[in-house]
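The values are calculated or read from the model by the stated rules, or taken from the named source; none is laboratory data. These figures come from a predicted structure and were not determined experimentally. Ideal geometry is used to build each Cβ from the backbone, glycine not excepted, and the neighbour counts take in all protein chains shown.
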Amino acid sequence: MWKNIVAAPADSILGLTEAFRNDPNPQKVNLGVGVYKDDAGKTPILACVKAAEKLLLERETTKSYLPISGDPVYAACVQKLLFGEDGEVVANRRAATVHAPGGTGALRVGADLLKKFMPKATVWLSSPTWANHKGVFATAGFPLSEYAYYDPATKDVDFAGLTRDLQAIPAGDIVLFHTCCHNPSGVDLDQGQWREIVEIARERGWLPFLDFAYQGFGIGVEEDRYAVEQFAASGLDFLVASSFSKNFGLYNERTGALTVVSPTAAESTVAMSHLKTVVRVIYSNPPAHGGLVTATILSDPDLHRQWLGELAAMRERIVAMRSALVDGLNARGVAGDFSYIKRQRGMFSFSGLSDATVAWLRQHRNIYVVGGGRINLAGLTSKNIDYVCDAIAEALRS
Ligand code: LMR
């Protein structure tokens with residue numbers, strides 16, 4: 001069957017990880033995939049996760065199926081993180097949450113749900129966006145279009161272009177946003193800008209879909225959900241795809257959620273019934289472990305506090321690496337102002353490195369960067385920072 005079929009290209013992000021793993025050079029550095037590493041270059045299991053797993057090992061009594069939508073305790077924890085402990089959306093039962101396998105699974109469940117009821121919609125993505133957004137929504141059958149977002153000249157949001165584009169999007173289309181820690185640029189919208197966007201959504205009537213994969217990696221768990229709170233307060237319909245891969249370090253447990261917010265509880269019940277039909281034919285019901293771990297942590301005040309501390313430590317280490325990179329490049333006399341790297345939020349920086357430089361770094365220094373120049377700051381450590389700064393300085397000179 002396969003002899004006349006051309007092989008598919010490697011994934012632009014996960015394919016890079018494969019190449020990195022196969023690279024025997026001991027000095028290799030992976031600044032590609034968005035996975036947190038500590039200063040020893042390891043992706044740790046959080047201590048709060050280990051503690052919760054210990055409790056689960058003692059308490060767990062069955063491996064029977066979860067409900068199609070997942071554990072209701074997990075869904076309640078997801079909603080509290082999204083809308084706050086006393087969120088009006090939660091009190092009025094306006095949100096329907098299903099446990100999905102990771103952020104990608106949540107996006108795909110949302111895409112398949114929307115395709116059923118908005119078959120003619122176009123999905124609008126920020127320019128640029130995470131490469132997999134295109135794959136997920138195109139595979140679900142949606143035509144794609146882009147709205148202005150990042151301005152390479154100012155290294156900031158092109159807000160005039162963004163609002164111009166959002167105002168021209170017709171009612172009945174779907175607009176995907178990065179709630180915080182924009183991937184790949186690291187450039188976020190501020191609170192006033194979010195308020196304007198909510199107003200445009202209200203006036204124009206398109207459907208907002210928020211991708212929220214990095215809650216707590218921007219400023220903090222509460223600060224990072226500002227956009228979710230604003231859309232919730234608007235009373236509009238919207239969706240949120242959230243993930244615990246990064247903020248709980250549960251990458252391989254595929255622990256995410258899709259939340260559909262509706263104006264009324266009655267509509268939310270209808271949304272949940274259709275969510276279940278979508279989930280049933282893709283993966284039937286979710287894997288249990290990651291949801292049980294996060295629900296255990298979030299339901300226990302001590303473990304919850306411990307998690308917030310561990311999350312803050314991850315966030316702060318990345319901020320420190322941003323400064324170390326900027327200082328390192330300046331110290332080597334690399335031409336240009338790199339201070340924008342310090343202003344960006346989350347794991348990533350759109351470094352401004354060209355594809356030619358990215359290729360040079362991989363070929364000559366075994367440093368792996370995603371095409372387009374996205375750097376994962378969490379891949380930098382006190383041990384490899386000088387090596388990376390030397391390499392970038394040399395690449396930009398050659
Ligand atoms: C990334 O952007 O590197 C992460 O979200 C991992 C992935 O699945 O691409």
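Annotations for the structure displayed:
- Single residue of segment 270-287 satisfying the filter (surrounded by fewer than 22 Cβ atoms within 10 Å (Cβ to Cβ) and either at pLDDT below 95 or assigned to a loop (DSSP other than H, G, I, E, B) (or both)) that is farthest from the chain's Cα centre (by Cα): Ser284
- Scanning segment 363-390 for residues that are free of Cβ contacts under 8 Å to residues at least 40 places away in the same chain and under 20 Å from Asn22 (Cβ atoms) yields a total of 2.
- Any chance Arg93 is basic (Lys, Arg) and surrounded by 21 or more Cβ atoms within 10 Å (Cβ to Cβ): no
- Test: residue in segment 179-192 that is assigned to a helix (DSSP H, G or I) and either touching a residue at least 12 places away in the same chain (Cβ under 8 Å) or closer than 20 Å to Ala95 by Cβ (or both): yes
- Residues that are in contact with a strand residue (DSSP E or B) (Cβ under 6 Å, 6 or more places away or on another chain) and charged (D, E, K, R), drawn from segment 238-269: none
- Ala19 being of a type outside the set (Val, Ile, Thr), within 13 Å of the ligand (Cβ to nearest atom) and over 20 Å from Tyr214 (Cα atoms): no
- The sole residue among Leu66, Leu81, Leu56, Leu107 that is away from the ligand (no atom under 16 Å from the Cβ), at pLDDT 95 or above and buried (at least 21 other Cβ atoms within 10 Å of the Cβ) is Leu81.
- If the condition is being over 17 Å from Ala241 (Cβ atoms) and in contact with a helix residue (DSSP H, G or I) (Cβ under 8 Å, 6 or more places away or on another chain), then segment 170-185 contributes Pro170, Ala171.
- Within segment 84-104, restricting attention to residues that are aliphatic (A, V, I, L, M) and away from the ligand (no atom under 16 Å from the Cβ), the residue that is farthest from His274 (Cα to Cα) is Ala91.
- Pairs, first without any contact (Cβ under 8 Å) to a residue 60 or more places away in the chain in segment 209-221, second assigned to a loop (DSSP other than H, G, I, E, B) and within 15 Å of the ligand (Cβ to nearest atom), C-beta under 8 Å, six or more apart: Leu210/Thr179
- In segment 244-260, the condition of being away from the ligand (no atom under 16 Å from the Cβ), in contact with a Leu (Cβ under 9 Å, 6 or more places away or on another chain) and assigned to a helix (DSSP H, G or I) is met by no residue.
- Pairs with Cβ under 8 Å, 6+ apart, first in segment 323-348 and free of Cβ contacts under 8 Å to residues at least 12 places away in the same chain, second more than 16 Å from the ligand (Cβ to nearest atom) and in a helix (DSSP H, G or I): none
- Considering residues of segment 22-51 that are more than 28 Å from Thr294 (Cβ to Cβ) and free of Cβ contacts under 8 Å to residues at least 60 places away in the same chain only, the residue nearest to the ligand (Cβ to nearest atom): Asn22
- Residue match in segment 1-15 (condition: in contact with a strand residue (DSSP E or B) (Cβ under 8 Å, 6 or more places away or on another chain), within 16 Å of the ligand (Cβ to nearest atom) and either touching a residue at least 60 places away in the same chain (Cβ under 8 Å) or not in a helix (DSSP H, G or I) (or both)): yes
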